[in-house]
Amino acid sequence: MLELKNIRKEYPAGNGKVEALRGVSLTFRKNEFVSVLGPSGCGKTTMLNIIGGLDKYTTGDLVINGRSTKDFKDRDWDGYRNHSVGFVFQSYNLIPHQTVLSNVELALSLSGVSKAERKKRAVAALERVGLGDQLKKRPGEMSGGQMQRVAIARAIVNDPDIILADEPTGALDSETSVQVMEILKEIAKDRLVVMVTHNPELAERYSTRIVRMLDGEILSDSAPLSVDERKAE
Ligand code: ADP
Ligand code: MG
């Protein structure tokens, strides 16, 4: 289980500061597909980056599997990022001169897995997103939707508990967006997926829970955990 407890995030700005998050409290189930909606600048990316350990909260706490992160050292954050979380970005962030297979294999290079095992797992992840026959291609030879599927394969290759996706369909047409959403829905069956999106229709259609944000706060939550669930999670 993952819990944000009254998270605040300030960034320095000029002489003052920007309050990107103003006390966000949210608990996620081990297994659900959460869409985060809200206008530009309301703190969605900041929240996702804090959940994924890419950015640090100013005050509050992020509780991971019952453990507070208040005293996390760099090593703890590294371990969390490398083993528990997979990221998917709007701009894919693939390495252009590497093949599709290498792009996915590289995500395993930090985890002490043998070369043969890396390849096996990367191929399996690419098969899962329907790209088992595109291993030797380079990202530049693919469509946006295919590149995003490679990025999803890269995110799941380590079998993380959590996938964080920041506007994964933001650069895609509607038909391709649907393909990407189908894949995210499928991989959300056995993990937590938190997706930021500008598209309320896709959120309604594919996710199991919708969280709306405004001005650094949670405006609404379609499926908060019940008291019993919180005890059990
Ligand atoms: P969203 O993803 O919802 O568009 P962000 O989380 O990117 O919003 O940004 C929330 C607020 O925090 C905005 O006012 C933004 O300008 C500010 N912000 C985000 N990142 C930084 C940063 N690294 N430095 C300064 N201000 C930032
Ligand atoms: Mg953003």
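No lab work stands behind these numbers, since they all come straight from the coordinates. Quantities reported herein were computed from a predicted structural model and do not represent experimental measurements. Quick reminder, even Gly has a Cβ in these numbers, built from the backbone with ideal geometry, and neighbours come from all protein chains shown.
How long is the gain from Glu186 to Arg22 if the chain were fully straight, where each residue apart is worth 0.36 nm and the alpha carbon distance is subtracted?
Computed gain between Glu186 and Arg22 is 55.8 nm.
Nearest 5 percent is fine: what portion of the DSSP beta bridges confined to the stretch 83-233 is antiparallel?
Of those bridges, close to 30 percent are antiparallel.
Consider all pairwise Cα distances in the stretch 64-130 and report the whole-number % of them above 13 Å.
On the way: 1600 of 2211 pairs.
The proportion of pairs with Cα distances above 13 Å equals 72 percent.
Distance from the Cα centre of the stretch 60-92 to that of the stretch 155-191, in angstrom?
Taking the Cα centre of the stretch 155-191 as reference, the centre of the stretch 60-92 is 19 Å away.
In debye to the nearest 20, how big a dipole does the stretch 114-208 give about its Cα centre with +1 on each Lys and Arg Cβ and -1 on each Asp and Glu Cβ?
680
What net charge is computed for the residues neighbouring Met142, neighbours being all others with C-beta under 15 Å from the C-beta of Met142, Lys and Arg scored +1, Asp and Glu -1?
Net charge in that neighbourhood comes out at +2.
Obtain the nm distance between the two label points defined at Glu233 and Lys136 by a simple spin-label model: each point lies 7 Å from its Cα along the Cα-to-C-beta direction.
4.7
Full-extension gain between Thr58 and Ala124, please, as 0.36 nm times their residue separation minus the C-alpha to C-alpha distance.
Details: separation 66, 0.36 × 66 = 23.76 nm, distance 3.91 nm.
19.8 nm is the gain from fully extending Thr58 to Ala124.
Show that you can apply the helix-only estimate: for the chain, add -39,500 (n - 2.57) for every DSSP H stretch of four or more residues, divide by all residues, and state [θ] at 222 nm to the nearest 500.
Here the helix-only value at 222 nm equals -10000 deg cm²/dmol.
For Ser25, list long-range residues whose amide hydrogen, built 1.01 Å from N in the peptide plane, is under 5 Å from its own amide hydrogen.
Placed amide hydrogens put Asn6, Ile7, Ile218 under 5 Å from Ser25.
Expressed as a whole number of Å, what is the distance separating the alpha-carbon centroids of the stretch 1-57 and the stretch 109-144?
31
Would you mind working out the magnitude of the charge dipole of the chain relative to its Cα centre, with +1 at each Lys and Arg C-beta and -1 at each Asp and Glu C-beta, to the nearest 20 Debye? Walk me through the numbers before you get to the answer.
Details: 33 positive and 32 negative charges, 131 e Å.
With only Lys, Arg, Asp and Glu charged at Cβ, the dipole is about 620 debye.
I need the GluC sites (Glu not before Pro) found in the stretch 104-151, filtered to DSSP loop residues with at most 11 other beta carbons within 10 Å of theirs.
Of the GluC sites (Glu not before Pro), not one in the loops of the stretch 104-151 has a Cβ with at most 11 other Cβ atoms within 10 Å.
For the ranges 200-212, 35-47, what's the packing order if you count other beta-carbon atoms within 10 Å of each residue, average per peptide, and put the highest first? Could the numbers behind the result be given before it?
Details: 200-212: 17.6, 35-47: 20.4.
Listed from highest to lowest mean packing, they are 35-47, 200-212.
Among Val150, Ser84, Thr99, pick out the residue whose Cα is farthest towards the positive end of the charge dipole of the stretch 84-166, where Lys and Arg carry +1 and Asp and Glu carry -1 on C-beta, about the Cα centre.
Of the options given, the answer is Thr99.
Specify the angular offset, from 0 to 90 degrees and rounded to the nearest 10, of the alpha carbon long axis of helix 144-156 from the longest principal axis of the alpha carbons in the chain.
70
Using the Karplus curve 6.51 cos²θ - 1.76 cosθ + 1.60 with θ = phi - 60°, work out ³J(HN,Hα) for each residue of the stretch 46-63 in order, rounded to whole Hz, and write x for Gly and Pro.
Result, ordered by residue: 4, 5, 4, 5, 6, 4, x, x, 7, 9, 9, 6, 7, 9, x, 7, 10, 9 Hz.
Mind scanning Lys119/Lys189; Lys73/Lys137; Lys73/Lys185; Lys73/Lys120 and naming the pairs with a C-alpha gap bigger than 27 Å? Present the calculation step by step, with values, prior to reporting the outcome.
Numbers: Lys119/Lys189 24 Å; Lys73/Lys137 39 Å; Lys73/Lys185 33 Å; Lys73/Lys120 33 Å.
Violating the 27 Å Cα-Cα cut-off are Lys73/Lys137; Lys73/Lys185; Lys73/Lys120.
Which of the aspartates and glutamates could a cross-linker span from Lys136 if the Cα-Cα distance has to be under 16 Å and same-chain partners fewer than 8 positions apart are dropped?
Glu105, Glu127
Label points 7 Å out from Cα along the Cβ direction at Leu214 and Asp76: separation in nm?
Computed distance between label sites Leu214 and Asp76 equals 3.6 nm.
Within the set of other residues whose C-beta is less than 15 Å from the C-beta of Ser35, count the net charge using Lys and Arg as +1 and Asp and Glu as -1.
So the surrounding residues net to -1.
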